[in-house]
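Written below as structure tokens is the structure these notes are about.
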Amino acid sequence: MIAYENLQQVDKEFMDEYTHVFQEVLHGGWYILGKQVQQFEQSFANFCGVEHCIGVASGLDALVLSLRYFAFKPGDEIIVPANTYIASILAIVQVGLKPVLVEPDINTYNIDPKRIEECITKKTRAILVVHLYGKMSDMDPILQLSAQYDLKIIEDCAQAHGAKYNGQKAGAFGDFGAFSFYPTKNLGALGDAGAITCKADILNNSIRTLRNYGSSAKYVFDEVGYNSRLDELQAAFLSVKLKYLDKITAHKQRLAAVYLRELKSDFILPVVQPRQEDVYHIFAIRHPERDRLRAHLLANEIGTEIHYPIPPHQQKAMKGILSDGGYPISEEIHRTIISLPISYGHTEEDINRVVEVMNKFL
């Protein structure tokens with residue numbers, strides 16, 4: 001069986017180092033906001049090419065705290081892609097703001113910059129850009145709109161660790177970059193974890209206060225904050241894996257190259273663009289008979305996933321929050337998308353087998 005994902009296989013190479021740092025943290029006697037978090041924050045900031053990184057408890061918290069910083073008024077509007085994972089929208093809702101969905105580009109699956117301006121109103125305050133599947137959004141026109149309309153930019157980088165646009169990495173474009181280190185990510189922890197990147201000292205200082213109960217000094221509380229701290233153990237694991245992230249990315253890019261070269265043209269493949277370097281957290285293709293294709297692969301002992309089967313505007317939780325219609329591009333993507341195996345634990349032999357089975361489906 002070629003599983004879609006096998007985290008034991010993915011992390012096998014790192015186990016000795018994981019064990020070493022586990023013992024170091026266990027016997028160190030300091031478990032919250034200590035040297036492991038500080039070291040990882042500095043290393044990840046350097047990796048992203050930014051001045052600051054603040055470790056938090058999850059990717060969702062990274063988005064919530066980023067939005068919370070700006071103190072927007074209840075009901076203010078945040079533009080967000082209509083086909084994103086629900087966390088992007090939950091963060092907007094949880095801080096009392098209104099998500100405004102914008103259709104994606106049918107080719108890249110990221111927000112379509114040409115459709116953003118028509119959705120900007122007097123209440124629009126920010127664009128929450130999502131770099132879906134490991135591909136950067138088209139940032140130049142988005143940044144132009146941000147400057148023209150005085151809008152904040154928050155990057156949802158949960159699936160894009162190390163992805164590049166014009167040589168610049170995800171998390172280095174907006175006011176904030178929000179990262180998830182969920183275990184299946186290219187840079188995955190062994191539990192929930194997240195981080196926020198930023199360039200300005202004032203943003204860094206405020207987010208550090210917000211993540212720690214609103215406290216800037218012990219038992220001194222400047223504002224109503226959160227308990228959202230990256231713990232020492234996850235930070236230690238992430239520091240281990242960060243050393244290998246370029247190797248992990250290169251491996252996934254090689255596997256993607258096999259798919260791109262060998263799959264027949266009947267499948268709608270990810271686009272490759274000259275100004276971008278994709279990291280292929282997810283290798284998503286489309287096919288009009290997606291469900292039958294998935295069944296065919298499973299019958300041949302190949303696991304797949306669907307990211308994501310139900311668009312946000314059709315989710316029960318979003319009833320009364322999002323309009324339940326008017327997003328045909330998103331609905332088409334959600335209806336036809338399927339994710340193929342492409343993890344650090346897969347081999348080129350695995351991918352060639354997937355290709356063989358898929359091409360026979362046609």
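Details
- Check on G191, free of Cβ contacts under 8 Å to residues at least 60 places away in the same chain, within 18 Å of A45 (Cβ to Cβ) and in a loop (DSSP other than H, G, I, E, B): no
Yes/no per residue for (1) part of a helix (DSSP H, G or I); (2) surrounded by 13 or more Cβ atoms within 10 Å (Cβ to Cβ); (3) modelled with pLDDT of 95 or more:
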{"site": "P274", "(1), (2), (3)": "no, no, no"}
{"site": "L297", "(1), (2), (3)": "yes, yes, yes"}
{"site": "I329", "(1), (2), (3)": "yes, yes, yes"}
{"site": "I333", "(1), (2), (3)": "yes, yes, yes"}
{"site": "E349", "(1), (2), (3)": "yes, no, yes"}
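- Matching residues in segment 215-243 - criterion: being buried (at least 16 other Cβ atoms within 10 Å of the Cβ), touching a residue at least 12 places away in the same chain (Cβ under 8 Å) and not in a helix (DSSP H, G or I): G225, Y226, S228, R229, L230, D231
- Evaluation of E348 against (1) farther than 30 Å from G75 by Cβ; (2) free of Cβ contacts under 8 Å to residues at least 12 places away in the same chain (one fails), failing number: (2)
- Hey, L362 over 21 Å from I111 (Cβ atoms), modelled with pLDDT under 95 and either over 21 Å from the mean Cα position of the chain (by Cα) or not hydrophobic (A, V, I, L, M, F, W, C) (or both) or not: yes
- Of the set (1) without any contact (Cβ under 8 Å) to a residue 60 or more places away in the chain; (2) outside any helix (DSSP H, G or I), all apply to G177 but (1).
- Residue ID - farthest from H296 (Cα to Cα), chosen from residues in segment 335-347 that are surrounded by 17 or more Cβ atoms within 10 Å (Cβ to Cβ) and not small (G, A, S): Y344
- Conditions (1) surrounded by fewer than 20 Cβ atoms within 10 Å (Cβ to Cβ); (2) within 15 Å of the chain's Cα centre (by Cα); (3) of a type in the set (A, V, I, L, M); number of the one not met by A71: (2)
- Check on Y259, aromatic (F, W, Y), out of contact with any helix residue (DSSP H, G or I) (no Cβ under 6 Å at 6 or more places or on another chain) and surrounded by 18 or more Cβ atoms within 10 Å (Cβ to Cβ): yes
The values are calculated or read from the model by the stated rules, or taken from the named source; none is laboratory data. Because the structure is a prediction, the values reported are computed rather than measured. Neighbour counts run over all protein chains shown; Cβ positions are idealised from the backbone, glycine included.
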